[in-house]
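No lab work stands behind these numbers, since they all come straight from the coordinates. Quick caveat: nothing in here was measured; it's all calculated off a predicted structure. Positions of Cβ are generated from backbone atoms using ideal geometry, with glycine treated the same way; all protein chains shown enter the neighbour counts.
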Amino acid sequence: MRALTLLEDALLCQRGHLYGWVPVFLACGVGGFFSLSFEPGRAHFAGAALGVLLCALLVRRLRPGLSPLASAVMVVLIGFLLAGARSHSVAAPVLSWRYYGPLEGRVVAIDRSSSDAMRVTLDRVILARTAPARTPHKVRISLHDTTGLSVTPLPGMRVMTTAHLSGPNGPTEPRGFDFQRHAWFLRLGAVGYNRVPLLSLAPPPRDSWELLVFRLRMAASGRIQAVLPGDTGGFAAAVTTGDRSAISQQALQDLRASNTAHLLAISGLHMGLLCGFVFAAIRILVALVPPVALRVDARKVAALAALLAGAVYLALSGGNVATQRAFIMAAAALIAVFLGRRAISLRSVAMAATAVLVLQPESLLGPGFQMSFAATTGLVAVYGATRGRRLPLPKGVLAVLAVLSSSAIAGIATAPVGAAHFNTLSSYGLIANFASVPLMGVLVIPAAVLALILAPFGLDWIGLWLMGLGLRWILSVAGFVAGLDGARSFIAAPMPAVLPMLAVGALVVILWQGRGRWAGVAVMVAALGLWAGSPRPLALIAPNGVIAGVMTPQGRALSRKRGGGFAAKSWLENDGDPVDQPTAAARWHSTAMPLGDTGLSLRHLAGKRAQRALVACHATEILVLSVKAERAFDGCEVFDPARLRHSGALALFPAPEGLRVLSARQVTGTRLWSNWPDPDQ
């Protein structure tokens, strides 16, 4: 009873500051849904709905000090239900077999793959010998036509080709990035490539409004690239229309190494700069006309104009998840201004986070959501704590300090998230951002608005030329910083619990009122300690058996110099190892690589010839085959594509009894998006 009384007193002290916890508990419910290894059924959802009703009744009946507990449970259950509803609402067929044959569809997206190949996404798909009920809603293919006869894909164009397709692949290692889940929410039922020309069956319809925004985006991107060629034009197209297909891989690598890649994505920074510029410009224009300024509230007019500009930018940029999130956050601030409330506060950040989680619960799992709200929450919390404290320094010095401190706060807040997802830390990111971010606000974004205003008169080249000046500077800064010694540090991937622990610890420090907030620091320290002790697998086996990797004192040794490149790259990145695949393959110094001190070894056989050349394997060997086993190998553990098809990628960890094998299927479980075959088939 005493503990309950203390808890009640503590919660009473939080009155007036509890709204910030709504998206936190909503995220707990969403995260709980996605962490399950089985698909919840009707009974689970009915139980959660009943729990929501029960908690709603308890909120009204419990004492004021305890009702927040019932509210918290209710919000968690609502998050669970929202994630379930969203998962079922986007359900679409997923290809469960390998397909080779004719493919027909309508172009609805154009981008580039990680290998720099042009990539198109098609809907209204037709596959030969495939019933409509089994045909994927969307298909994405990389164009590898070497004849040069392919047509240039245009928005809305109906095309056909001959393609190799398969369902989205599972993780390259257990607890790795789950592309199957990612593709499920994009309604992407198959991915693949072609080796023959892409042919046009029908041009884009001129009277169709369905893809109007997509056509406008690509037309604007083409115009920008015509005025600003090369990476500058690709950069300009990316920050205005969201089209990244024209920027080179080298430029992308430089931006990532200098921690300025966030300038490429249309995010909170761009949306905030655009809305802020329009807001300030409208206020100045209204003030220049005294009769109007005396009769209207310039702040409200400017807020509405900025909100409209943000909505146009959202549509023009393609409305991806990151841009939607940025618009919601900007809209929350502008609506607060219109209503006469404080525009920038933790409450507005919580409102934006709640809206995003309600609309797209799956975004919680992506780095975009995590980094965006980490940076925003950190900035708002720090500036909120220092509000009203002014340093006795000149305005110019204060402006420089504001830019430096903003970059430092955002960098510190997002560094753990970036390191966990991308396995790198930028050593000179603060310098690069200090030299680049101000230019986005004072030149690039205003020039983009100017180009849009002048476009109807054919004078958009003036604004684009000004944009080019700023973007060329940013690219040169990124290239210079990326070329410095030690520009990037490489970090091993943490255990799954690390990021949630860091987030909870930071949120306790920021949201909790009173001295109890410092308990969050202990949670964060514990999370960092857990990260430092996160073990990497002793051995990894790709989901198709095409490549294997064994950890050695020099780093992970790979069984092949070529082949299985995506899995190899992912493994080395998650190890925090900056070498390439041939270098890692040079570490494979024996036919059967020893697995640490376990007394076991791993042998990888690539192709049928290598399999036939092996007379026998030993009981202490684990045999990995890249093709289906042609005969029985008695006395050793064998993993071939047929077996791995049911288990997915494998990770081997040392254990007292020898080795512990963890499969991707054990981690992901059987969910709506898990394209696992039946083990009995």
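Descriptive notes on the structure:
- Taking every DSSP beta bridge that has both ends in the chain, the antiparallel portion is near 75%.
- Contact order normalised by residue count of the range 2-89, Cα under 8 Å, 6+ apart, percent: 44 percent
- Extension gain for residue 115-residue 304 works out to 63.8 nm (0.36 nm per residue, less the C-alpha to C-alpha distance).
- Count, lysine Cα pairs under 24 Å in the chain, 8 or more residues apart or across chains: 4
- Karplus (6.51, -1.76, 1.60) ³J(HN,Hα), θ = phi - 60°, over the range 84-100, in Hz, Gly and Pro reported as x: x, 5, 5, 4, 7, 6, 9, 4, 8, x, 10, 5, 10, 9, 7, 10, 9
- Cysteines in the chain that, by Cβ-Cβ distance, have no pairing candidate under 4.7 Å: 13, 28, 55, 275
- Exposed loop sites, defined as GluC sites (Glu not before Pro) outside DSSP H, G, I, E and B with at most 16 other Cβ atoms within 10 Å, are absent from the longest region of the chain, namely 211-629.
- Note: relative contact order over the chain, using C-alpha pairs below 8 Å and six or more positions apart, is 12 percent.
- In percent, rounded to a whole number, the relative contact order of the range 539-668 is 25, using alpha-carbon pairs under 8 Å and six or more apart.
- Percent of beta bridges antiparallel (DSSP, the range 539-668, rounded to nearest 5): 70 percent
- When each of 577, 634, 297 is scored by the number of other beta-carbon atoms lying within 10 Å, the sequence from fewest to most is 634, 297, 577.
- Förster radius 56 Å - calculated FRET efficiency between residue 129 and residue 62 (Cβ-Cβ, nearest 0.05): 0.35
- Sorting 160, 271, 593 from the fewest to the most surrounding beta carbons within 10 angstrom yields 160, 593, 271.
- Derived scalar couplings ³J(HN,Hα) [the range 111-121; Karplus, 6.51 cos²θ - 1.76 cosθ + 1.60; whole Hz; x for Gly, Pro]: 8, 10, 7, 5, 8, 6, 8, 5, 9, 10, 10
- Here the range 225-370 is treated as a sphere whose radius is the Kirkwood value from Cα pairs; by Stokes-Einstein at 25 °C and 0.890 mPa s it diffuses with a coefficient of 147 µm²/s.
- Computing FRET efficiency as 1/(1 + (r/R0)^6) for residue 395 and residue 442, where r is the C-beta to C-beta distance and R0 is 22 Å, gives about 0.90.
- Tensor-based shape of the range 539-668 (alpha-carbon gyration tensor, a/c under 1.5 rounded, otherwise prolate or oblate): rounded
- Secondary-structure-derived ellipticity at 222 nm for the chain, considering helices only, amounts to -16000 deg cm²/dmol, per-run term -39500 (n - 2.57) for DSSP H runs with n ≥ 4.
- Rounded to whole Hz, the Karplus (6.51, -1.76, 1.60) HN-Hα couplings of the range 462-470, x for glycine and proline: 5, x, 5, 4, 5, 4, x, 4, x
- Arranged from fewest to most other beta-carbon atoms within 10 Å of their beta carbon, 400, 356 become 400, 356.
- Environment charge of residue 1, counting only residues whose C-beta is closer than 14 Å and scoring Lys/Arg +1, Asp/Glu -1: 0
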